[in-house]
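Asks: Got a structure here, written out as structure tokens. Questions coming.
The values are calculated or read from the model by the stated rules, or taken from the named source; none is laboratory data. None of the values given here were measured: they were computed from a predicted structure. Reconstructed Cβ throughout: ideal geometry from the backbone, glycine too, with neighbour counts over all protein chains shown. Areas reflect the complete protein model, heavy atoms only, side chains present, ligands, DNA and RNA absent. Shrake-Rupley method; radii C 1.70, N 1.55, O 1.52, S 1.80 Å.
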Amino acid sequence: HTLEHCGYLRKMSQKAYALNSNVMELGFNSLSKSSLTDLAAPIMRELRDRIKIAVHLSVLEGTDIVFISNVQSNGPFTSTVHIGTRWPAHATVIGQLILSQLSESEVIKRYENLSNWEIFSELTPHNMEALLKRLREVRKQPFMVSWGHFNTDMAACAAPIYSQSNQKVAAILSVSCPLSTYSEDKFRNDVAQNVIEYANKISKFIYI
């Protein structure tokens, strides 16, 4: 009776009750007070255990991506990426995914003072025009794969994590491994689908 009076239960019949909307608010309040890294950590470990390679969480800061959480592979490979590692956003699939969610005017403003467009492969945008063209292509894609395009001997796959409160990208979930770990076909298909699935799992808990 107390829970019904407080709005946590509603009476369905003489002996049956159902949860009311106040219960959902309790959940939202709890989730909103948890950090992104805390919420993502167990799901990242689950993904690592499934595909056996390193898993990362990144956000955009200026014109860099910054790694805010990592789970090492449980195989012989040890990732050199650590919390706080920065990479140029324009040159990475992680950064391009985040930048593609911004308006072109926002992207131009972020890069207006950039003088050194670091080039890592023939696919690296080398100026603003090339970056905007690349981002128009990226906007059509639910995930991105790098097969030796940033680090020549490494594969990476990235998928966006969305906030439930505004449907904007809150972070990027990514995985990385040496090219020899998987065939390119298996990485682009099986591994990529796992990354998308687990990015969606994390998204369900994000309300920031």
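Asks: Which condition does Thr124 not pass, out of (1) open to solvent by 60 Å² or more (accessible area, probe 1.4 Å); (2) under 29 Å from Ser203 (Cα atoms); (3) out of contact with any strand residue (DSSP E or B) (no Cβ under 8 Å at 6 or more places or on another chain); (4) among the polar types (S, T, N, Q), if it passes all the others?
Replies: (1)
Asks: Give the number of residues within the range 132-161 that are within 15 Å of Ile94 (Cβ to Cβ) and either surrounded by 17 or more Cβ atoms within 10 Å (Cβ to Cβ) or touching a helix residue (DSSP H, G or I) at 6+ places or on another chain (Cβ under 7 Å) (or both).
Replies: Qualifying residue count for the region: 20.
Asks: Further, regarding this structure: Looking only at the range 162-208, filter to residues that are in contact with a strand residue (DSSP E or B) (Cβ under 8 Å, 6 or more places away or on another chain) and among the aromatic types (Phe, Trp, Tyr); which one of those is surrounded by the most Cβ atoms within 10 Å (Cβ to Cβ)?
Replies: Tyr198
Asks: Search the range 140-163 for residues that are on the phi > 0 side of the Ramachandran plot and pair each with any residue that is part of a strand (DSSP E or B) and buried (at least 18 other Cβ atoms within 10 Å of the Cβ) when their beta-carbon atoms are under 8 Å apart and the residues are at least 6 apart or on different chains.
Replies: Gly148/Met154; Gly148/Ala155
Asks: Would you check if there is a residue in the range 88-102 being open to solvent by 50 Å² or more (accessible area, probe 1.4 Å), in contact with a Leu (Cβ under 8 Å, 6 or more places away or on another chain) and in contact (Cβ under 8 Å) with a residue 12 or more places away in the chain? So that I can check it myself, show each step before the final result.
Replies: So the first thing to find is which residues in the range 88-102 are open to solvent by 50 Å² or more (accessible area, probe 1.4 Å), and the list is 101.
Remaining after also requiring in contact with a Leu (Cβ under 8 Å, 6 or more places away or on another chain): none.
Within the range 88-102, not a single residue is open to solvent by 50 Å² or more (accessible area, probe 1.4 Å), in contact with a Leu (Cβ under 8 Å, 6 or more places away or on another chain) and in contact (Cβ under 8 Å) with a residue 12 or more places away in the chain.
Asks: When you go through Val59, Val55, Val66, Val81 one by one, which is the residue that is part of a loop (DSSP other than H, G, I, E, B) and closer than 23 Å to Pro42 by Cα?
Replies: Testing whether each residue is part of a loop (DSSP other than H, G, I, E, B) and closer than 23 Å to Pro42 by Cα leaves just Val81.
Asks: State yes or no: is Leu114 in contact (Cβ under 8 Å) with a residue 40 or more places away in the chain, in a loop (DSSP other than H, G, I, E, B) and open to solvent by 20 Å² or more (accessible area, probe 1.4 Å)?
Replies: Working: in contact (Cβ under 8 Å) with a residue 40 or more places away in the chain: yes; in a loop (DSSP other than H, G, I, E, B): yes; open to solvent by 20 Å² or more (accessible area, probe 1.4 Å): yes.
Judged against the criteria, Leu114 is a match.
Asks: Scan the range 164-179 for residues that are without any contact (Cβ under 8 Å) to a residue 60 or more places away in the chain and closer than 17 Å to Val55 by Cα and jot them down.
Replies: Leu179 - this is the single residue of the range 164-179 that is without any contact (Cβ under 8 Å) to a residue 60 or more places away in the chain and closer than 17 Å to Val55 by Cα.
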